[in-house]
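The values are calculated or read from the model by the stated rules, or taken from the named source; none is laboratory data. This is a predicted model, so every value here is computed, not measured. Note: ideal-geometry Cβ built from the backbone for every residue, glycine included; neighbour counts use all protein chains shown. SASA here: full protein model, heavy atoms, side chains in, ligands and nucleic acids out. Shrake-Rupley method; radii C 1.70, N 1.55, O 1.52, S 1.80 Å.
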Amino acid sequence: MDDLEYTIRRSPRARRIRVKVDPYDGVEVVIPQRATKREAQAAIKELRPWIDRRLAEAHRAKERLSSPPGTVPFLGAHLRLHYDESRTRAHRKQDELHLPATDAARALERWYRTQAKHEIAPRLDRATQALGKRHTSLAIRSQRTRWGSCSSTGAMSFNWRLMLAPEPVLDYVVWHEACHLVVMDHSKRFWSLVERHVPDYREPRSWLRHNGAALVLPTAA
């Protein structure tokens, strides 16, 4: 167990010890306020086989999704990066993405957030119209592994990192959340509704389950 690096985080909301494995952030043990480090170590020891499997899966996902040097992924394509001293924000020109030479990472994320709104809004409108329902708002968020949500009031949110996935994955997530306007749970009725509009939904759903945690921009960007 000594060869495994992990962090411990106390959470006032945690009721039990949880172990999280992230392709980029590594292993984290979330413990309740009154739990001890010894209890965290015991959890790591007990879950070590599962942790090793998840780390191996994460490594394979990172390799599968790695972009060619000097590029970033965008809906299944790769955009080549260029850095301009005079530029203050990101701008796409065909298959090239021009970034400011200073604070490029911040400009890049802003660009992805903007593109997410442009790509998701019309898809969501088409889906809700087909379902005969209306959504009340659309927000773009930045959670690591939660891809979308639909509230009981029709407020919709989506993760901008969906722009790093193939386009069919984005389409599936939009339809998934739109269908929650009709059926709020994940019952058989819900999945039948999803399948009616996305007949091959199982493929992008599986892709997201196996690769979603690795949808992170390259640090060099």
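A few notes on this one:
- From the options Val216, Val169, Val182, Val173, residue that is outside any helix (DSSP H, G or I) and closer than 19 Å to Arg126 by Cα: Val182
- Close pairs from segment 145-174: first touching a residue at least 24 places away in the same chain (Cβ under 8 Å), partner of a type in the set (Phe, Trp, Tyr) and in a helix (DSSP H, G or I), Cβ under 6 Å, at least 6 apart: Trp160/Tyr112; Met163/Tyr112; Val169/Trp207
- Among residues of segment 181-210 that are closer than 19 Å to Ala155 by Cα and in contact (Cβ under 8 Å) with a residue 24 or more places away in the chain, those with a beta-carbon under 7 Å from a residue that is of a type in the set (Gly, Ala, Ser) and surrounded by fewer than 12 Cβ atoms within 10 Å (Cβ to Cβ) at least six positions away or on a different chain give the pairs Met184/Ser152.
- For the criterion of being out of contact with any Cys (no Cβ under 9 Å at 6 or more places or on another chain), open to solvent by less than 60 Å² (accessible area, probe 1.4 Å) and assigned to a helix (DSSP H, G or I), Trp50 fails.
Residues are listed down the side, and each one gets a yes or a no for (1) among the hydroxyl-bearing types (Ser, Thr, Tyr); (2) crowded, with 16+ Cβ neighbours inside 10 Å; (3) at pLDDT below 95:
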residue	(1), (2), (3)
Tyr83	yes, no, yes
Asp103	no, no, yes
Tyr112	yes, yes, no
Lys117	no, no, no
Arg123	no, yes, no
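- Number of the condition not met by Ser67 [criteria: (1) over 26 Å from Pro168 (Cα atoms); (2) among the polar types (S, T, N, Q); (3) open to solvent by less than 80 Å² (accessible area, probe 1.4 Å)]: (1)
- Test: residue in segment 184-205 that is touching a Ser or Thr at 6+ places or on another chain (Cβ under 9 Å) and open to solvent by less than 10 Å² (accessible area, probe 1.4 Å): no
- Entry remark, segment 52-79: residues being touching a helix residue (DSSP H, G or I) at 6+ places or on another chain (Cβ under 9 Å), among the aliphatic types (A, V, I, L, M) and within 29 Å of Glu28 (Cα to Cα) number 4 in total.
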